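Chemist: Have a look at the structure that comes next, please.
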Amino acid sequence: MTISAERLKTLAGCGDATGLRSAFGELCTEFGRVTRLDVFTMAEAEKRRALCFLRLESEAQERRLMAALGASRMGEDLLVIVDLPS
């Protein structure tokens, strides 16, 4: 299992938006301070996911996080999709 997969698995264990916000805060400390974090949960065909839109203090920090977590950019935000337990 890759480091990014292990980190996403840790996030998936949170189960709800409040837990994800806390976990992202802790996870991102190595990259920089989270300046914005929006978490939207959704359910589709018995599968739950969280769409996590976040920003860090600088683009350099965001690039490092993107490389480590496999995050993508959506507009000015980073997007991390987390599969949640059903």
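The values are calculated or read from the model by the stated rules, or taken from the named source; none is laboratory data. Here the structure is a predicted model, which is why all the values come from computation and not from measurement. Glycine also receives a Cβ, built like all others from the backbone with ideal geometry; neighbour counts cover every protein chain displayed. Accessible surface is based on the protein model in full, side chains and every heavy atom, while ligands, DNA and RNA are left aside. Shrake-Rupley method; radii C 1.70, N 1.55, O 1.52, S 1.80 Å.
Chemist: Build a GNM of the chain with springs between Cα atoms under 10 Å: which of 23, 12, 43 gets the top mean-square fluctuation?
Modeler: Among 23, 12, 43, the largest mean-square fluctuation in the Gaussian network model of the chain belongs to 43.
Chemist: Over the Cα atoms of segment 38-86, how large are the radius of gyration and the largest Cα-Cα distance (Dmax), in Å?
Modeler: 12.0, 37
Chemist: Can you list which of the GluC sites (Glu not before Pro) found in segment 12-86 are DSSP loop residues with at most 14 other C-beta atoms within 10 Å?
Modeler: Details: sites: 26, 30, 44, 46, 57, 59, 62, 76; in loops: 46, 57, 76.
Answer in residue order: 46, 57, 76.
Chemist: Considering only protein heavy atoms and a 1.4 Å probe, what is the carbon-and-sulfur percentage of the accessible area of the chain?
Modeler: Numbers: 2660 of 5170 Å².
On the chain, the fraction of accessible area on carbon and sulfur atoms equals 51 percent.
Chemist: Another question about this same structure. Mind checking Rg over Rh on the chain, alpha carbons, Kirkwood formula for Rh? Numbers along the way, then the final one.
Modeler: Values: Rg = 12.1 Å, Rh = 12.9 Å.
Expressed as Rg/Rh, it is 0.94.
Chemist: Might you tell me the accessible area per residue for the chain, computed with a 1.4 Å probe and given in Å²? Each step should come with its number before you reach the end.
Modeler: Working: 5170 Å² over 86 residues.
The answer is 60 Å² per residue.
Chemist: Something else about it: With every protein chain in place, what's the accessible area of residue 39 (1.4 Å probe, Å², nearest 10)?
Modeler: 20 Å²
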